[in-house]
Amino acid sequence: MKSRKPVIGVDLDGVCADFYGRMREIAAEWFERPLDSLTSDVSYGLGEWGISPGGYDSLHRFALHQRELFETMPMIPGARRYLRMLSDEGYHIRIITHRLFIHYSHASAVSQTVAWLDRHGIPYWDLCFMKEKSAVGADIYIEDNPANVEQLRNSGHTTICFANSTNRHVAPPRADSWAEVYRLITCRDDLLTDTHPSVT
């Protein structure tokens with residue numbers, strides 16, 4: 001019997017979809033500020049844009065309902081190509097995203113997500129909307145949220161950190177591109193022998 005190829009648990013925002021780039025455009029409109037006044041070098045929570053800890057929900061609702069955030073984000077280059085390659089090689093693609101954290105917005109979040117995946121031709125077998133990603137049961141996770149990376153690794157799950165400005169402090173294995181994700185997954189020595197801590 002052929003050995004089973006790993007299940008790849010793939011995050012969407014910041015990994016497949018350019019969440020920060022699109023949200024920057026919407027935030028500039030929301031705050032009525034020039035786009036270039038909002039830095040693209042952000043930390044998790046977007047405090048650099050003047051968003052207070054409790055002020056994000058209103059912006060998110062505007063982005064989701066008035067600007068179709070989850071349907072209008074650009075695709076991160078390489079996501080379609082390399083996920084198709086992995087799928088064609090027998091890897092099981094499981095999309096895992098925590099997009100249901102705003103109450104009474106679930107229908108919009110789910111429908112926009114499915115439309116975006118279909119329009120961009122992203123292959124997947126499963127689509128999971130959940131916060132506790134470790135409960136999904138993937139073999140290798142691809143994630144950019146630093147707290148999620150830490151939680152997954154501390155639970156013993158092999159996790160590739162997809163690099164952006166929010167997670168510079170997170171230790172390897174890291175990938176700066178989808179080409180690097182593909183290399184790490186298909187030449188797994190760097191993943192399976194990794195003993196680095198979650199953060200530096």
(message) Can you name every one of the helices (runs of 4 or more DSSP H) wholly within segment 48-103 that holds 3 or more residues which are under 14 Å from the mean Cα position of the chain (by Cα) and surrounded by 14 or more Cβ atoms within 10 Å (Cβ to Cβ)?
(response) 79-88
(request) Give the residues of segment 31-47 that are among the acidic types (Asp, Glu), more than 18 Å from ALA63 (Cα to Cα) and part of a loop (DSSP other than H, G, I, E, B), sorted by residue number. (result) ASP41
(request) Among the numbered conditions (1) at pLDDT 95 or above; (2) not assigned by TED's automatic domain parsing to the domain that holds VAL114, tell me where LEU46 comes up short. (result) (1)
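Looking at LEU184, LEU191, which one is within 25 Å of GLY21 (Cβ to Cβ) and either at pLDDT 95 or above or not in a strand (DSSP E or B) (or both)? Please lay out each step first, then the result.
Details: LEU191 fails: within 25 Å of GLY21 (Cβ to Cβ).
Selected residue: LEU184, the only one of LEU184, LEU191 that is within 25 Å of GLY21 (Cβ to Cβ) and either at pLDDT 95 or above or not in a strand (DSSP E or B) (or both).
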(message) Pairs needed: first member in segment 8-30, without any contact (Cβ under 8 Å) to a residue 40 or more places away in the chain; second member anywhere, outside any helix (DSSP H, G or I) and of a type outside the set (Val, Ile, Thr); C-beta distance under 7 Å; at least 6 residues apart or different chains.
(response) ARG24/LEU38; ARG24/SER40; ALA27/LEU38; ALA28/PRO34; ALA28/LEU38
(message) Against the definition (touching a Phe, Trp or Tyr at 6+ places or on another chain (Cβ under 9 Å), over 30 Å from TRP125 (Cα atoms) and not aromatic (Phe, Trp, Tyr)), how does SER40 come out, yes or no?
(response) yes
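Could you tell me whether LEU59 is outside the structural domain of PRO146 (by TED's automatic domain parsing) and either within 25 Å of GLY137 (Cα to Cα) or touching a residue at least 24 places away in the same chain (Cβ under 8 Å) (or both)?
Details: outside the structural domain of PRO146 (by TED's automatic domain parsing): yes; either within 25 Å of GLY137 (Cα to Cα) or touching a residue at least 24 places away in the same chain (Cβ under 8 Å) (or both): yes.
For LEU59, the condition - outside the structural domain of PRO146 (by TED's automatic domain parsing) and either within 25 Å of GLY137 (Cα to Cα) or touching a residue at least 24 places away in the same chain (Cβ under 8 Å) (or both) - is met.
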(message) Give me the residue from segment 104-117 that is within 17 Å of the chain's Cα centre (by Cα) and loosely packed, with under 15 Cβ neighbours inside 10 Å and, out of that set, farthest from PRO6 (Cα to Cα).
(response) ALA115
(request) Run down ILE8, ILE26 and say which single residue is under 22 Å from the mean Cα position of the chain (by Cα) and part of a strand (DSSP E or B). (result) ILE8
(request) Quickly run through segment 117-171 and pick out the residues that are among the hydrophobic types (A, V, I, L, M, F, W, C), assigned to a helix (DSSP H, G or I) and touching a strand residue (DSSP E or B) at 6+ places or on another chain (Cβ under 8 Å). (result) LEU117, VAL136, VAL149, LEU152
(message) Take ILE96 and tell me if it is in the same structural domain as PRO173 (by TED's automatic domain parsing) and touching a Cys at 6+ places or on another chain (Cβ under 6 Å).
(response) yes
(message) Quick check on this structure: which one of ASP18, ASP36 is out of contact with any Gly (no Cβ under 9 Å at 6 or more places or on another chain), at negative phi and surrounded by 13 or more Cβ atoms within 10 Å (Cβ to Cβ)?
(response) ASP18
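The values are calculated or read from the model by the stated rules, or taken from the named source; none is laboratory data. As the structure is a prediction and not an experimental result, all values here were calculated from the model. A quick note on method: Cβ atoms are made from the backbone with ideal geometry, for glycine too, and the neighbour counts reach across all protein chains shown.
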